[in-house]
Amino acid sequence: MNTRKQHLTYDLFLILATIAVLCIICFICMYGMVHFKAARIQLLPAPQKLLYLNHMNRLVAPFVIGLVFLIGICIPRRLLSDRRLMWANAGFIVLIFACGVWSGIRAALMVTLLVSLMLQSVVLVLAIAGSSRLKFETRNYWVRVGSCLIHLGLVLFVLDILSHNRPGLHTVLFVLTTVSSMVGMLLCFYAGPLADFLKLRREPNSGQSLDPCSENLTQKD
């Protein structure tokens, strides 16, 4: 029971922290767009536009780093035990720090996201295959797959943010992010009706009445 409570507390912390960081990023993005139009920055010379964009990038950067860090420590826990997870996270932090010192913070973020993307892809494949090795709070198959798709969408979302200066890659990542997130949310929210629908499709005699009252009435007639 204590272990389960610890898992719930850990998961709850990650969920709340991720939601808080995403809300702050969304607020900064909305503020940046509204202020850009209200202050008519689009009419200013190119150097002043660049200064404004750099200012907004510096403002949102700490929260993007925080989101990457949360994703990095959240994904491996589906695959590893608590003890191995601690060592994996410690090694992950050392790797990020080393990449940041050696090649800069952008390179460290890209390495973190690529590792997270690889791990999340493995988790998604295992979830689709119905593997029992994965650690989830629910045993519902569709909720597991949907959760994996939502996490994959988060990783792709941050990759999309970092790839905004590459129009071709940005478009691909935007489409993948949208599809992954939407399908994941649909599977999570409608897991019950989807399971019932598939169960009915598998049962050829599902149209017959299973109500004992109607069966009794039929026998009497």
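All of the numbers you see were taken from the coordinates with simple rules; none came from a lab. This is a predicted model, so every value here is computed, not measured. Heads up, the Cβs are rebuilt from the backbone with ideal geometry, glycines too, and the neighbour counts pull from every protein chain shown.
The table below gives the values:
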{"read-out": "Percent breakdown of C-alpha pair distances by 10 Å bin, ordered from the shortest bin, for the stretch 2-200", "value": "8, 29, 34, 19, 8, 2, 0"}
{"read-out": "In sequence order, calculated HN-Hα J values of the stretch 135-142 (Karplus, 6.51, -1.76, 1.60; Hz; x Gly/Pro)", "value": "9, 10, 7, 10, 9, 5, 4, 5"}
{"read-out": "Positive-end extreme of charge dipole, the stretch 2-200 - chosen from I15, C99, L152 (charges on Cβ)", "value": "C99"}
{"read-out": "Label-point gap, in nm, between I128 and Y190 - each point 7 angstrom along Cα→Cβ", "value": "2.0"}
{"read-out": "Förster radius 25 Å - calculated FRET efficiency between F36 and A107 (Cβ-Cβ, nearest 0.05)", "value": "0.30"}
{"read-out": "Residue-wise HN-Hα coupling along the stretch 102-108, computed from phi with Karplus coefficients 6.51, -1.76, 1.60 (Hz; x: Gly, Pro)", "value": "7, 10, x, 5, 5, 5, 5"}
{"read-out": "Cβ-derived FRET efficiency at R0 30 Å, R166 paired with N89, nearest 0.05", "value": "0.50"}
{"read-out": "Taking F197, F92, F36 and counting other C-beta atoms within 10 Å, the order from fewest to most", "value": "F197, F36, F92"}
{"read-out": "Sequence of H151, H55 once ranked by neighbouring C-beta atoms within 10 Å, starting from the fewest", "value": "H55, H151"}
{"read-out": "3J(HN,Hα) from dihedral phi, the stretch 170-175, Karplus parametrisation 6.51/-1.76/1.60, rounded to Hz, x for glycine, proline", "value": "4, 5, 4, 5, 5, 5"}
